[in-house]
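Read the structure below first, then the notes.
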Amino acid sequence: METWTINKLLNWVTQYLKDRGIESPRLSAELLLSSVLGLKRIELYTHHDMQIAKPDLDKLHVLVKRAANNEPIAYLVGKTEFYSMEMEVSQDCLIPRPETELLAQRAIEFLRMRDGIQHVCDLCTGCGCIAVAVAKNFPQARIIATDISDQALAIAARNIERHNLQERIKLLSGDLFDPIIPQLDTGKFDLIVCNPPYVSAVEYDKLDKNVKDYEPRLALFAGEDGLDIYKRIIEKVDMFLKPDAALMLEIGYAQGQAVHKLLELSGVFTEIKIEKDFHNNDRIVSAVKIKS
Ligand SMILES: C[S@@+](CC[C@H](N)C(=O)[O-])C[C@H]1O[C@@H](n2cnc3c(N)ncnc32)[C@H](O)[C@@H]1O
């Protein structure tokens, strides 16, 4: 019978995925193999001549076939990295994107400029990645994170526990601000951060197969022009913000001007800024509430 070492398998899986047009085939092969073997990626190289047992070969075979069919690697291995932290994910939540790390970073920077305990709201928390990154990097944050999907919230709860942040992040289930009763829960917030669904109808139809076929529509689609959730947040946000508090939103690459306009028209904000991501696309809109 043919023997398979880690090194030989890595090369074979990489080529198999590459031939089927899968992005980052080497990284994907490493992630799948390390998941099946319970090894860190680096250990695949320090144990490169280790022989793989038949049951592990069978498990890998199933995963590689699913990956070749465009199923996201993060769902296959049940986790991904966000802000250098491991996050559990499943098909019940969006896979956090590297672009969203910029939103988390700006949130942390804003909070670090302020004194004392800071009350933060993470709307549309999904797997909880933004709330967890903020809480881990800013110990004075007290966070309320909400989502309309109870399945996503179950994953967020496990991520919060995994990073030992149960004392500082409270999860609430419901539509945007609905589950938050301002005076009862925290008073008002110093920062509201949100990466909402923002894909328009036309864009949704054109999404890559690995997104459209596997990630929750609820996490992506936001009406005809993709602006539904921004409109609903901006309509209500005033009563949840302290006078000098900030709102930070992730946006789609073509939505900067539209979201800027919505914020301007609300009459609630000053210092409205659009920031680009590392692909030079508009990605974050931030604004500060006018002191009244
Ligand atoms: C784009 S995902 C973002 C998830 C996570 N914050 C991230 O950055 O990876 C949007 C999330 O919004 C949630 N969502 C959709 N509509 C909502 C609503 N009306 N109220 C609250 N959450 C909603 C979805 O369930 C999904 O988890």
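The values are calculated or read from the model by the stated rules, or taken from the named source; none is laboratory data. Everything quoted here is computed from the prediction, not taken from an experiment. Here the Cβ is made from the backbone with ideal geometry for all residues, glycine too, and neighbour counts use every protein chain on show. Side chains are part of the model used for accessible areas, which takes the heavy atoms of the whole protein and leaves out ligands, DNA and RNA. Shrake-Rupley method; radii C 1.70, N 1.55, O 1.52, S 1.80 Å.
Please give, to one decimal in nm, the separation of the simple spin-label points placed at Gln15 and Asp244, each 7 Å out from Cα toward the Cβ.
6.3 nm
By what distance, in whole Å, do the Cα atoms of region 6-69 stretch along each of the three principal axes, largest value first?
Taking max minus min along each principal axis of the Cα atoms, region 6-69 gives 28, 22, 17 Å.
Could you tell me which of rounded, prolate or oblate describes region 144-256, using a ≥ b ≥ c as the square roots of the eigenvalues of the alpha-carbon gyration tensor, with rounded for a/c under 1.5 and, failing that, prolate when a/b is larger than b/c and oblate otherwise?
Note, shape of region 144-256 comes out oblate.
Compute the Rg to Rh ratio over region 159-210 from the alpha carbon atoms, using the Kirkwood formula for Rh, and round to two decimal places.
Using only Cα positions, Rg/Rh for region 159-210 is 1.12.
Taking the Cα atoms of region 219-289, what is the range of coordinates along each of the three principal axes, in descending order and whole Å?
Principal-axis extents of the Cα atoms in region 219-289, largest first: 33, 26, 20 Å.
Of the heavy-atom accessible surface of region 40-151 (probe 1.4 angstrom), what whole percent is carbon and sulfur?
It is 50 percent, rounded to a whole number.
Could you work out [θ]222 nm for the chain from helices alone, using -39500 (n - 2.57) per DSSP H run of at least four and dividing by all its residues? Round to the nearest 500 deg cm²/dmol.
The helix-only estimate for the chain comes to -12500 deg cm²/dmol at 222 nm.
With +1 on each Lys and Arg Cβ and -1 on each Asp and Glu Cβ, and nothing else charged, work out how big the dipole of the chain is about its Cα centre, in Debye to the nearest 20.
On the way: 36 positive and 43 negative charges, 83 e Å.
Roughly 400 debye for the chain.
If I model a spin label as a point 7 Å beyond the Cα along the Cα-Cβ vector, how far apart are those points for Thr5 and Asp208 in nm?
3.3 nm
Under 11 Å from a label point 7 Å along Cα→Cβ of Lys291: give me every residue in region 239-272 with its amide N that close.
Counting backbone N atoms under 11 Å from the label point, the list is 243-245.
How far apart, in nm, are two points set 7 Å out from the Cα along the Cα-to-Cβ line at Asp150 and at Tyr45?
Distance between label points: 4.6 nm.
Whole-Å semi-axes of region 53-138's equivalent ellipsoid, largest first, each the root of 5 times a Cα gyration tensor eigenvalue?
Each semi-axis is the square root of five times an eigenvalue, giving 35, 12, 10 Å.
Want the number for Gln91 to Asp225: 0.36 nm per residue separation, take away the alpha-carbon distance, what's left?
Numbers: separation 134, 0.36 × 134 = 48.24 nm, distance 2.48 nm.
Going from the current span to full extension adds 45.8 nm.
I'd like to compare 245-251, 101-107, 64-70: which one has the highest average count of other Cβ atoms within 10 Å, and what's the full order after that? Provide the component values of the computation, followed by the final result.
Working: 245-251: 24.1, 101-107: 21.1, 64-70: 17.6.
Result, highest mean first: 245-251, 101-107, 64-70.
Want the number for Glu235 to Met113: 0.36 nm per residue separation, take away the alpha-carbon distance, what's left?
Working: separation 122, 0.36 × 122 = 43.92 nm, distance 2.72 nm.
Working it through step by step, the gained length comes to 41.2 nm.
Solvent-accessible area of Ile272, probe 1.4 Å, all protein chains present, reported in Å² to the nearest ten, please.
Per-residue accessible area (Ile272): approximately 30 Å².
Evaluate the Kirkwood expression for the hydrodynamic radius of the chain, namely the inverse of the mean inverse distance over all pairs of different C-alpha atoms, and round to one decimal in Å.
20.4 Å
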